[in-house]
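Taken together, the values in this text are just the output of simple stated rules run on the coordinates, not laboratory data. Treat the numbers as computed from the prediction; the structure is a model and nothing was measured. Note: ideal-geometry Cβ built from the backbone for every residue, glycine included; neighbour counts use all protein chains shown.
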Amino acid sequence: MIINPKLDLVLELEIDLTPEEIWKGWTTPDLLCKWFCPAPWKVTEAEVDLKPGGIFRFVMQSPEGQQFPNEGCILVAETYKKFVWTSALLSNFRPLPPDSQAMLFTGEIYLQADGKKTKYTAIARHGNEDDFNKHAQMGFKEGWTACARQLETLMKSLR
C-alpha cells in the first residue's frame with residue numbers, strides 16, 4: 001500500500017481480537033453504535049449495507065446532544081480482511097452535492113491475523129492538505145486509537 005505522508009493518516013495497532021471479531025464490530029450496526037466514536041461522544045444510529053456501493057451511515061452525537069450525520073459509500077468489503085469506504089460518495093456511488101461542506105476522505109481498515117491477535121491498520125486518505133491537517137488536528141490518532149480500544153473491550157465482553 002502506498003502512503004502519502006502529506007495526505008494520508010495511518011494508525012497501526014495490535015488488537016487482542018480475531019479478524020472475525022473486529023469485522024463483526026465494524027459491520028454490525030448495533031455494535032458500531034457502541035464503540036465507533038470516542039466517549040463521551042456516541043453513535044445514535046448506524047446503517048451498513050456490506051457491498052460495493054452500499055451505504056455506510058452513522059449519526060454521531062456530542063455530549064451536549066448535537067447530532068452530526070455522516071453518510072458514505074462502501075468501496076471494498078473483503079470479509080475479515082479489508083473494509084474501505086469513502087465520504088466523497090453517497091451510496092450507489094452517487095457523488096455528493098456540489099455544495100457539500102463535508103471533510104472528504106477514504107477510510108481503509110486492514111486486518112491481518114497474528115496468532116490470537118490481529119494487526120489492525122486504519123488509514124484515512126485525504127484529497128488535499130487542508131482536510132489532512134483538519135483531521136490530524138481533530139485528533140485522528142488519539143480518537144481512532146480510543147475507538148479501536150473501545151471496540152476491543154466491547155467484543156471481548158461478547159465472548
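Worth a mention:
- The lysines whose alpha-carbon is closer than 16 Å to the alpha-carbon of K156, local same-chain residues fewer than 8 away aside, are K24, K34, K116, K117.
- For the chain, the Kirkwood estimate of the hydrodynamic radius, built from every pair of different alpha carbons, is 16.0 Å.
- Structure-based [θ]222 nm, the chain - -39500 (n - 2.57) summed over DSSP H runs of at least 4, per residue, nearest 500: -8000 deg cm²/dmol
- Residues of type lysines that K141 reaches as a straight line, Cα spacing below 19 Å, ignoring anything fewer than 8 places off in the same chain: K6, K42, K119
- Shown here for the stretch 9-70: trypsin sites (Lys or Arg not before Pro) in loop regions (DSSP other than H, G, I, E, B) with at most 12 other Cβ atoms within 10 Å, of which there are none.
- Cβ-based exposure ranking for H126, H135, in which fewest neighbours within 10 Å come first: H135, H126
- Charge dipole (debye, nearest 20) of the chain; +1 at Cβ of Lys and Arg, -1 at Cβ of Asp and Glu: 360
- Selection from S62, S157, S100, by position along the positive dipole direction of the stretch 8-157 (Cβ): S157
- Protection proxy ranking for 151-159, 64-72, using the average of other Cβ atoms within 10 Å per residue and placing the highest first: 151-159, 64-72.
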